[in-house]
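Worksheet: the structure to be examined is printed underneath.
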Amino acid sequence: MNEFYQKYKETFKKYEKSDKGKARQRKYHNSPKGRKMLNKAKRKYNAKLKKQVFEILGNKCVYCGCIDIRCLQIDHIQGNGAKDRAKGNISTTLFLKIIRNPEKSKREYQILCANCNWIKRAENGENKGKIPAPIIKLPVFVDQNMRTFL
Ligand SMILES: [Zn+2]
């Protein structure tokens, strides 16, 4: 396959750039198989960018130091996430923005784990009352006669 490709490389390239080639590619990308392939490639690309972004921003939650990448999120330091997202800064666009301008981005974004992110939102009132304020339960102790006291 590789040898074959090498031999006709120029021809293939020409075909890919031609209207016929482009139409064929479009057709493929719109087919279930092609869409699946595209999505897979997109996910892989996104994961690669995300890794770079996390490296720039320090790879751990700035509040508690959690390093489990599965629960780490990119947080807007000023809490203007909704506005930023409305501008189109989501997923790949956001990743590329951070990678292209790391120093500026470090002042705008930070990494928080999901827990710290929700706590920060609640404390800053960013959740618009969607999550009620936490009910803080004081520890209850039980004495020898099974009476509870605070
Ligand atoms: Zn945390």
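The values are calculated or read from the model by the stated rules, or taken from the named source; none is laboratory data. What you see is a predicted model, and the numbers here were worked out from it, not measured in a lab. Ideal geometry is used to build each Cβ from the backbone, glycine not excepted, and the neighbour counts take in all protein chains shown.
What are the pairs, 6+ residues apart or on separate chains, where a residue within region 57-79 that is free of Cβ contacts under 8 Å to residues at least 12 places away in the same chain and more than 24 Å from N101 (Cβ to Cβ) has its Cβ under 7 Å from a residue that is more than 10 Å from the ligand (Cβ to nearest atom) and part of a loop (DSSP other than H, G, I, E, B)?
I67/N59
Of all residues in region 9-25, which are hydrophobic (A, V, I, L, M, F, W, C) and within 21 Å of R35 (Cα to Cα)?
A23
For region 25-109, which helices (runs of 4 or more DSSP H) that fit wholly inside it have 1 or more residues that are surrounded by 13 or more Cβ atoms within 10 Å (Cβ to Cβ) and within 16 Å of the ligand (Cβ to nearest atom)?
Those helices (runs of 4 or more DSSP H) span 32-57.
Are there any pairs, at least 6 apart or on different chains, whose C-beta atoms fall under 6 Å, with the first in region 106-123 and without any contact (Cβ under 8 Å) to a residue 60 or more places away in the chain and of a type in the set (A, V, I, L, M) and the second within 9 Å of the ligand (Cβ to nearest atom) and in a helix (DSSP H, G or I), and if so, which?
A114/C71
Please go through region 1-24 and pick out each residue that is in a helix (DSSP H, G or I) and small (G, A, S).
Selection gives G21, A23.
Just to verify a result, which residue in region 113-141, among those that are of a type in the set (S, T, N, Q) and within 16 Å of the ligand (Cβ to nearest atom), is modelled with the lowest pLDDT?
N124
Quickly run through region 1-24 and pick out the residues that are among the aromatic types (F, W, Y) and surrounded by 10 or more Cβ atoms within 10 Å (Cβ to Cβ).
Residues satisfying the conditions are Y8, F12, Y15.
How many residues are over 12 Å from L57 (Cβ atoms) and among the hydrophobic types (A, V, I, L, M, F, W, C) when one looks only at region 81-115?
6
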